[in-house]
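Only one structure is covered here, and it is reproduced in the block below.
FYI, it's all coordinate maths here, none of it is from the lab. All of these numbers come straight from a predicted model, not from anything done at the bench. Because the Cβ atoms are built from the backbone with ideal geometry, glycine has one as well, and the counts that use them run over all protein chains shown.
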Amino acid sequence: MAYRKLHYPPELSGEALDGFLAEGWYRMNQAIFTITHTFRESRLDFCPVWWLRFPVGALENHRSHARIRRRSQHLQVRLESPFQIHPIYNELYARYLAAVPFDGYTSIQEALYGEGDPNMGTIYNSHAWVVSDGDKPVAVGIFDLGCSSAASILHFYDPAYAGFSLGKYLMLLTVDYLRALGCQWYYPGYVVCGDARFDYKLFLGRRQASYFDPQLQSWQPFREELLTYEASNSEDWGQEMGDFLF
């Protein structure tokens, strides 16, 4: 089964966001969307994507988590609520984007608002963890909060601090916050079959991770074989896959 759906709700309550996330949807600018495949030009193929979620209360503390926390214990952390785009964050994001080996949104504003005007407001309840070294922000992790769940939307950090695993540290901070709020689910986005760049999202705990199965329309325990790439037959793509190109 393959599909791509996009919805532009005029408003979005916390309960509504919880519902969308629970059905395998995710934020895109001021819209919300879901997708089952992504087209990889390097392979000229459609690769399945698997939306992930984690049960906040059942996550375990791993040694890798402790190491990340120790490496960052000299840094300062604060929650910006609600999140506001500042010039210093734009400068940090530009440095990050220039250093990472993949294409991303051209700006924070594009990620959160697309071509829309931030002054017109947002349908999302967005917050951010800001990690600083002294008075210098070195990482920002933006997430949208519902009533019983949250989704991480955009993480970026100073490339000079790449050895601190700040992207993962931001995920740990977000889970800590959700646990304190009594939230049930954390949604970090998706992993892509055959593309290890997205696998870091599983570091919270593969045994606790679940993925959204589009065929069953339900969440299932994560399986490692979901990440194994198998080339598809272009003759079998059919119209539903061809629609992904247009």
**Fill in**
Quick numbers on the stretch 64-198, Rg and Dmax over C-alpha atoms in Å, give 14.7, 42
**Prompt:** Any idea what the relative contact order of the chain is, in percent, if you count C-alpha pairs under 8 Å spaced at least 6 apart?
**Reply:** 26
**Asked** Ranked from highest to lowest mean number of other Cβ atoms within 10 Å per residue, what is the order of the peptides 178-184, 13-19?
**Response** 13-19, 178-184
**Request:** Would you tally the net charge around TYR161, using a Cβ to Cβ cut-off of less than 13 Å, leaving TYR161 out, and scoring K and R as +1, D and E as -1?
**Result:** +2
**Item:** Reachable lysines, given that their alpha-carbon falls under 27 Å from the alpha-carbon of LYS168 and they are not under 8 places away in the same chain
**Value:** LYS136, LYS201
**Item:** Helix 166-181 vs. the chain, principal-axis angle (Cα, 0 to 90°, nearest 10)
**Value:** 80
**Complete:** With T = 10 °C, eta = 1.306 mPa s and Kirkwood Rh from C-alpha pairs, the Stokes-Einstein D of the stretch 4-245 in µm²/s is about 84
